[in-house]
Amino acid sequence: MLGLALSAMWAGALPGTDDIVRKSVANTEADWNRAPEYNFTERDVVTRNGRSSKTYRVVMIDGSPYNELIAANGKPLGAEQAGVQTRMLQQAILNRRRETAAQRQRRIARYMRERRQDNALLEQMFQAIDFRLTGEATVDGRRCFVLEGTPRPGYRPVSRDTRVLKGMRGRLWIDEQQYQWVKVQAEVFRPVAFGLFIAQVEPGTEFTLEQRPIADHLWLPSHFTVRVKAKLLRYWSRDSTDDETYWNYTQASRDEVGRKPQAAAGETSASERVQSNP
């Protein structure tokens, strides 16, 4: 009886799963829209037939980013290499200043299209996976709701990349005060076939996203890692890991950010798509 009473009290004290998800998706979408206002440092570590790393200073130049290489394999560039990178950055600034209006529009539209593609997997996760509130936990000193999810029957992928969600399960840690994603994990637990060549994404494929507060009610990624295990027929297999760390966020100037193109007609926001879930 005591256990049932405590369970009832605990359940009544927590908001519903749908409410937690909708608030967190709306906040994440707002953060995503503000992300191009910031410069930052990024380190990419790739493990694929060996290990290599590169560190970039990512700066906005008139509406889209430019990656200036500042270190390789954990070592800062030498003076000569750094000078080359500085000249390349200066040339990129000059080239963008000389663009026609049509060239500029195409460049920024390409950047926005790439951003949408990169974000599609996270957005679609809430269409493909049913989440349930399973408890609470502390992550990096922040009290979080913990949600776990399994594939939603009948999900229809919107692209080849999102097919992998049919065989994924996930876990979310959402900050209880600001309803922000502190951590997102997803893993493939059953093979997912792609295309005509019978390629399969295998169990062991997984990704993790971690975010941190950058300013008042603004959270941006601090770490993203993805491991891919795949095979083609029985003759080819791939096992690779991409690990990205982000830090040193600083607000870009208005000239650096530039003007951003409007969303295409008919596009809906992530929060609207979550609200339309059955």
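The values are calculated or read from the model by the stated rules, or taken from the named source; none is laboratory data. None of these values were measured; they are calculated from a predicted model. Positions of Cβ are generated from backbone atoms using ideal geometry, with glycine treated the same way; all protein chains shown enter the neighbour counts.
Report, by residue number, each residue of the range 52-110 that is of a type in the set (K, R) and either without any contact (Cβ under 8 Å) to a residue 24 or more places away in the chain or surrounded by 11 or more Cβ atoms within 10 Å (Cβ to Cβ) (or both).
Within the range 52-110, K54, R57, K75, R87, R96, R98, R104, R106, R107, R110 meet the criteria.
Among R169, R156, which is more than 20 Å from W247 (Cα to Cα), exposed (fewer than 14 other Cβ atoms within 10 Å of the Cβ) and of a type in the set (D, E, K, R)?
None of the other options fit; the residue is R156.
Would you call L121 closer than 20 Å to Q211 by Cα, in contact with a Leu (Cβ under 6 Å, 6 or more places away or on another chain) and of a type in the set (A, V, I, L, M, F, W, C)?
So L121 fails the test.
Just the residues that are free of Cβ contacts under 8 Å to residues at least 40 places away in the same chain, in a strand (DSSP E or B) and of a type outside the set (V, I, T), please, taken from the range 123-148.
Within the range 123-148, D130, G135, A137, R143, C144, E148 qualify.
Suppose the filter is over 18 Å from Q211 (Cα atoms) and either under 21 Å from the mean Cα position of the chain (by Cα) or of a type in the set (G, A, S) (or both); does G167 pass it?
yes
Pull up the range 111-131, narrow it to residues that are of a type in the set (F, W, Y) and in contact with a strand residue (DSSP E or B) (Cβ under 6 Å, 6 or more places away or on another chain), then point me to the one that is surrounded by the fewest Cβ atoms within 10 Å (Cβ to Cβ).
Filtering the range 111-131 for residues that are of a type in the set (F, W, Y) and in contact with a strand residue (DSSP E or B) (Cβ under 6 Å, 6 or more places away or on another chain), the one surrounded by the fewest Cβ atoms within 10 Å (Cβ to Cβ) comes out as Y111.
Out of the residues in the range 215-228 meeting the condition of being at pLDDT below 95 and buried (at least 17 other Cβ atoms within 10 Å of the Cβ), tell me which one is nearest to R43 (Cα to Cα).
Per the criteria, the residue is R227.
Can T138 be described as of a type in the set (S, T, N, Q), more than 26 Å from D31 (Cβ to Cβ) and modelled with pLDDT of 90 or more?
no
Please pick out the residue among V184, V158 that is under 19 Å from the mean Cα position of the chain (by Cα), β-branched (V, I, T), part of a loop (DSSP other than H, G, I, E, B) and under 30 Å from Y66 (Cα atoms).
V158
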